[in-house]
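The values are calculated or read from the model by the stated rules, or taken from the named source; none is laboratory data. Given the structure is predicted, the values throughout are model-derived calculations rather than measurements. Here Cβ is always computed from backbone atoms with ideal geometry, including for glycine, and neighbour counts include all displayed protein chains. All accessible areas refer to the heavy atoms of the entire protein, side chains included, with ligands and DNA or RNA removed. Shrake-Rupley method; radii C 1.70, N 1.55, O 1.52, S 1.80 Å.
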Amino acid sequence: MSELNLIFLGAPGSGKGTQAQRLMDDFDIAYIATGDMLREEVAQGTPLGTKAKLFMDKGDLVPDDVIIAMIAEKLSKTEAHDGFILDGFPRTIAQADALSQQLTALGKELSAVLLIEVSDDEVVRRISGRRVSATTGRVYHVDLDPPKHEGRCDVDGARLLQRDDDKPETVKKRLSVYHQQTAPLISYYGERDLLRRFDGTRSPTEVHDHVRATLATLRLEELL
Ligand code: AMP
């Protein structure tokens, strides 16, 4: 495996983004998060963003064709020496099939799919306490990682906001969408012998250590 081409799979709030950030510190690897890309389109008021927002605010998935086109463009442009991490994509079997075709066309293959497992109750607890700085984008949690001054970003004092799709009713909807449309990817990648499971209730450092050990084993196996 000359490069690490990874997918993080897991419910919203499972800690995929945190783990991806840590891996990016370890490897020269590109980070592709479809949720962030869509929020950027929404913030810029593009036609794609305007269309996507209708689905995102309700906790629904943006249609497959929109996402597949967006990711194809990104993957073809992505330059990272050690590979890429996908966070939030694929989320449906159709997206996984499209990804597989795109990678084949680019002469690449997946190294592993990293599944971070947490219970639904824990997801609701984590996401409903999440607050984001309007200016820096830094993420806090009212109980688990509070800012020094309530409601204000530590960096510049900007007001902290709750994302529309982090409101409790929307979180429940996102979870049910995850179970119905995304969870089937667990057996999809299991059958392809790509799935690796991690206990997302452990501390971020423990999960990270486990992920690193798993990736080291994969690389060793390749040398055998
Ligand atoms: P995330 O930040 O990954 O939880 O994504 C936020 C929202 O963006 C999701 O609730 C969906 O509405 C939309 N979204 C992100 N990635 C995808 C995807 N791969 N397929 C469909 N919708 C997506």
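Below are the figures for this structure:
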{"quantity": "Calculated Rg and Dmax of the range 21-124 using C-alpha coordinates, Å", "calculated": "14.6, 41"}
{"quantity": "Where labels lie 7 Å past Cα in the beta-carbon direction, separation of Ser2 and Leu220 in nm", "calculated": "2.4"}
{"quantity": "Stokes-Einstein D for the range 1-70, Kirkwood Rh over Cα pairs, 25 °C, 0.890 mPa s (µm²/s)", "calculated": "179"}
{"quantity": "Euclidean distance of C-alpha centroids, the range 67-88 and the range 116-172, integer Å", "calculated": "27"}
{"quantity": "Top of Arg197, Arg91, Arg152 by mean-square fluctuation, Gaussian network on the chain, Cα under 10 Å", "calculated": "Arg152"}
{"quantity": "Residue among Asp87, Asp121, Asp166 with the largest mean-square fluctuation in a Gaussian network model of the chain, springs linking Cα atoms under 10 Å", "calculated": "Asp121"}
{"quantity": "Full-extension gain in nm, Asp60 to Ala72, via 0.36 nm per residue minus C-alpha separation", "calculated": "2.2 nm"}
{"quantity": "Ranked order, Leu220, Leu215, Leu106 - accessible area, probe 1.4 Å, largest first", "calculated": "Leu220, Leu106, Leu215"}
{"quantity": "Ranked order, Phe27, Phe89 - accessible area, probe 1.4 Å, largest first", "calculated": "Phe27, Phe89"}
{"quantity": "Candidate lysines - alpha carbon under 29 Å from Lys58, same-chain residues fewer than 8 apart omitted", "calculated": "Lys16, Lys74, Lys167, Lys172, Lys173"}
{"quantity": "Sum of -39500 (n - 2.57) over DSSP H runs of 4+, divided by residues of the chain (222 nm, nearest 500)", "calculated": "-15000 deg cm²/dmol"}
{"quantity": "Rounded to 5, percent antiparallel among DSSP beta bridges of the chain", "calculated": "30"}
{"quantity": "Size of the range 54-174 as Cα extents on the principal axes (Å, biggest first)", "calculated": "50, 32, 28"}
{"quantity": "Accessible area, probe 1.4 Å, largest first, for residues Glu117, Glu191, Glu79", "calculated": "Glu79, Glu191, Glu117"}
{"quantity": "Rg and Dmax of the chain, Cα atoms only, in Å", "calculated": "17.4, 53"}
{"quantity": "Percent accessible area from carbon and sulfur atoms, the chain, protein chains only, probe 1.4 Å", "calculated": "51"}
{"quantity": "Residues whose placed amide H lies under 5 Å from that of Ala112, excluding near-sequence neighbours", "calculated": "Asn5, Ile7"}
{"quantity": "Cα-based Rg / Dmax (Å) for the range 127-200", "calculated": "16.7, 49"}
{"quantity": "Spatially proximal lysines relative to Lys77 (Cα-Cα < 19 Å; intrachain offsets below 8 disregarded)", "calculated": "Lys108"}
{"quantity": "Spin-label pair Glu117/Gln44, simplified geometry with 7 Å Cα→Cβ offset, distance in nm", "calculated": "3.9"}
{"quantity": "Whole-number accessible area per residue in Å² for the range 150-196, which is evaluated in the context of all protein chains at 1.4 Å", "calculated": "58"}
{"quantity": "For the range 57-116: accessible area per residue (Å², 1.4 Å)", "calculated": "44"}
